[in-house]
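Worksheet for the structure shown next.
The values are calculated or read from the model by the stated rules, or taken from the named source; none is laboratory data. In this text the structure is predicted, and so the values were computed from the model without any measurement. Neighbour counts are summed over all protein chains in view; Cβ atoms, including those assigned to glycine, are modelled from backbone coordinates with ideal geometry. Ligands, DNA and RNA are stripped out before the accessible areas are found, and what is left, the full protein with its side chains, is counted by its heavy atoms. Shrake-Rupley method; radii C 1.70, N 1.55, O 1.52, S 1.80 Å.
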Amino acid sequence: MHTIASRHGTCNGGWSRRVYIWHVTEKQGQARIGMLLSVLNLYLLAVAVAAAVVEDEEIAVSYDEYQLLRVYPSTTEQLGLVTDLVNRRKYEGLVSMWSQHLIVKKTPGSGNRTELSADLLSAPQVLDDLVEQLDEGGIPYDVLIHNLEEAIRSENPPIDPENEELESRGGHRLTWRRYHRYKDIDSYLEYLAITYPDICQTEVIGKTSQGRDLKLLKVSTGGDGNKPAIWIDGGLHAREWISPATVTYIMLQLVEFRDLHPELIDSIDWYIMPVANPDGYEYSHSTDRLWRKTRSGTKANKRWGKRTCYGVDANRNWDFHWGEGTTSSSNACADDFRGTKAFSEPETKAMADFIMTRKDQIKIYLTLHSYSQMWLVPWGYKLEKPKDYYDMYILAEKGVEALEAVRGTDYLLGTAGELLYTSSGGSDDWAKGVAGIKYSYTIELPDTGSHGFVLPANEIEPVGQETWAAIKAISRHFTDARIP
């Protein structure tokens, strides 16, 4: 027999001296313990299911009253203060840097000049304190976006239910008048492969950490890989919606209007991947408009203990000078987390493996990002330029001139170190330094900050048109070489 004692609390929170004794048999005790364990298991199962539901049905992040400030540090000390403000513990998760770059200022009577700026996003609860710090540091600033949530709501107007069926009248839903979800983009690749089987085929090169296909479109008239090839990817950073939209516009022009430029397909093979980070892209639509990273999970040590932080910056994860310098983070919860190792992400690893098998064929590597209106030439990880920088610059200049001729959009041309900042682990540096692709570029699409990452959808076609003009111009370098 077991003796089980129970103490009862008194009404004043103390303990009574009364002790009650129950006598139970061994069999009864085991039965009661078994029942308690069963109840406990059911409780733990319910908690796990509830957690899974929360994981799948996260509440959308609101950016109501968030403001985007453009600050103008003019000295090294002021630039250091801006960087310090972003990294201060009290601002963690409340202040972030959207961009740091040179901007062109048009000054009446004295032409154009460039000056350094940084775009800071501030939560409303720390905005006054942040502004006070800027004022004390003598750093001027402008407010670019007064309420980010309002900008997000107006960025991509919802589809009218009456027009939903009309969107599919061409066999797909893409319109280039609104930003589409990943399934619509994926179905457009399949539509092109089915409609133009003589020149288009899709290929799945891997899976994301959440199991989505990593899919690209190959456009070719055949030739067993003997023709030069051009690689184009978009959406490596999830929140840069204009990037996948522009890449699909390039696919539209290249394939569906091929009769206007048959030499582009006859002389060149094309490998085009409109969404290189499908998990992150979908999450930026469903939950957090400003999500930048992938969606893999990493255990992180935080002040309150271990927790799982999601995602890796896919443009700091490439195996070329990975982890060098201070422009990527080892903090799994940071927006610029570089990963636990190079190519930790299935997305970057799959892309790299595919490119390496065709590195001798691919002559141009293009990765589309936003924002800043810049055409970036390696190197990004250091200030020094490659030995063949002049060759790369001349070809890029042809692209920039063609782009600007469409509607006068100003683009800056140079290295990331000159125009932005040095950063290691980027895809264009890897394409140049490891895969040996001579002409490797990053194109930072519009705008220059008035809208930033939330560029209105009515800009998709204009941006697509000018970017397509640029790509046609640089591709002529190879079509002209093959003309007898």
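Hey, which of these cross-link pairs are over 25 Å Cα-Cα: Lys382/Lys438; Lys90/Lys382; Lys218/Lys432; Lys207/Lys359? Each step should come with its number before you reach the end.
Values: Lys382/Lys438 17 Å; Lys90/Lys382 31 Å; Lys218/Lys432 21 Å; Lys207/Lys359 21 Å.
Exceeds cut-off: Lys90/Lys382.
Summing Lys and Arg as +1 and Asp and Glu as -1 over all other residues whose Cβ lies under 11 Å from the Cβ of Thr415 gives a net charge of -2.
Phi angles across region 443-448 convert, under the Karplus curve 6.51 cos²θ - 1.76 cosθ + 1.60 with θ = phi - 60°, into 3J(HN,Hα) values of 10, 8, 6, x, 9, 9 Hz, Gly and Pro given as x.
A simple spin-label model places the labels of Asn87 and Gln210 3.1 nm from each other, with each point 7 Å out along Cα-to-Cβ.
Express the accessible area of region 355-484 per residue in Å², computed with a 1.4 Å probe while the remaining protein chains stay in the model. It would help to have the intermediate numbers written out before the result.
On the way: 4710 Å² over 130 residues.
It amounts to 36 Å² per residue over region 355-484.
Taking GluC sites (Glu not before Pro) across region 375-484, the ones in a DSSP loop with at most 12 further Cβ atoms lying within 10 angstrom of their Cβ are Glu384. Take Ile460: with every protein chain present and a 1.4 Å probe, its accessible area is about 0 Å².
Order the peptides 198-208, 318-328 from the highest to the lowest mean number of other Cβ atoms within 10 Å of their residues.
Working: 198-208: 16.0, 318-328: 18.5.
Answer by packing, highest mean first, reads 318-328, 198-208.
Near the amide H of Ile362, within less than 5 Å, lie the amide hydrogens of Ala229, all on another chain or at least 5 residues away, with H placed in the peptide plane. When Rg and Dmax are taken over the Cα atoms of region 111-157, they come to 13.9, 40 Å.
Sorted by average packing, counted as other Cβ atoms within 10 angstrom per residue and highest first, what order do 311-317, 182-188 take?
In descending order of packing, they fall as 311-317, 182-188.
What residues have an amide H closer than 5 Å to that of Gly206, excluding those fewer than 5 places away on the same chain, when H is modeled at 1.01 Å from N in the peptide plane? Under 5 Å from the amide H of Gly206 lie the amide H atoms of Leu214, each far enough along the sequence or on another chain.
Quick one: net charge of Ser370's neighbours, Cβ under 11 Å, K/R +1, D/E -1? Before the final figure, lay out the partial values.
Working: positive: Arg239; negative: Glu240, Glu444, Asp447, Glu459.
Taking every other residue near Ser370 into account, the sum is -3.
Considering only the other residues whose Cβ falls under 13 Å of the Cβ of Glu324, what net charge follows from Lys and Arg at +1 and Asp and Glu at -1? For residues surrounding Glu324, the net value is +1.
Using R0 = 45 Å, the C-beta based FRET efficiency linking Glu256 and Thr326 works out to 0.50.
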